[in-house]
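**Q** Take a look at the following structure, please.
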């Protein structure tokens, strides 16, 4: 923060006190703004994580129902598919939920679709 006078002059104690108060107010607003931005970012990250988790849970349910397997086995299939083909688990789950990917059990001797 810069303080300027129209002409050069010494600052009196009242001016310096007012400037100090103003500086504290500005610093408080900046600190509050930084805190709010961090909270907003954390909230967005948590909302995205929750949304991602919801899609994964939906996909697990679809895979489990289609394949007559447990949800743990369904999640293992999601994870294996993601590792094998390189998308994220969330992307694989989204494809399952959207109906673009079916992960039904394969006949003996064949890899799952």
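Each reported figure results from applying straightforward, stated rules to the coordinates on display, with no laboratory input. Computed from a predicted structure; not experimentally measured. Glycine also receives a Cβ, built like all others from the backbone with ideal geometry; neighbour counts cover every protein chain displayed.
**Q** How much mean residue ellipticity at 222 nm does the chain get from its helices, if each DSSP H run of length 4 or more adds -39500 (n - 2.57) and you divide by all residues, to the nearest 500 deg cm²/dmol?
**A** After summing the helix terms and dividing by residue count, I get -25000 deg cm²/dmol.
**Q** Hey, if you drop one equal point scatterer on each alpha-carbon of the chain and run the Debye formula without solvent, what base-10 log of I(q)/I(0) do you get at q = 0.10, 0.11, 0.16, 0.19 Å⁻¹?
**A** For the chain at q = 0.10, 0.11, 0.16, 0.19 Å⁻¹, log10 I(q)/I(0) is -0.51, -0.55, -0.80, -0.95.
**Q** Additional query: Given Cα pairs under 8 Å that are at least 6 residues apart, what percent is the relative contact order of the chain?
**A** Normalised by residue count, the contact order of the chain is 19 percent.
**Q** How far is helix 71-85 tilted, in degrees, relative to the longest principal axis of the Cα atoms in the chain, given as a value from 0 to 90 rounded to the nearest 10?
**A** Tilt of helix 71-85: around 80 degrees.
**Q** What's the center-to-center distance, using Cα atoms, between the range 1-71 and the range 81-105 in Å?
**A** Taking the Cα centre of each part, the range 1-71 and the range 81-105 sit 34 Å apart.
**Q** In degrees, nearest 10, range 0 to 90: what is the angle between the Cα axis of helix 13-67 and the longest Cα principal axis of the chain?
**A** Approximately 0 degrees, to the nearest ten.
**Q** Compactness ratio of the range 24-89: Cα Rg over 2.2 N^0.38 Å, N = residue count?
**A** The value comes to 1.83.
**Q** With a 10 Å radius around each residue's Cβ, average the other Cβ atoms per peptide and rank 90-97, 7-14, highest first.
**A** Highest-to-lowest ranking by the protection proxy: 90-97, 7-14.
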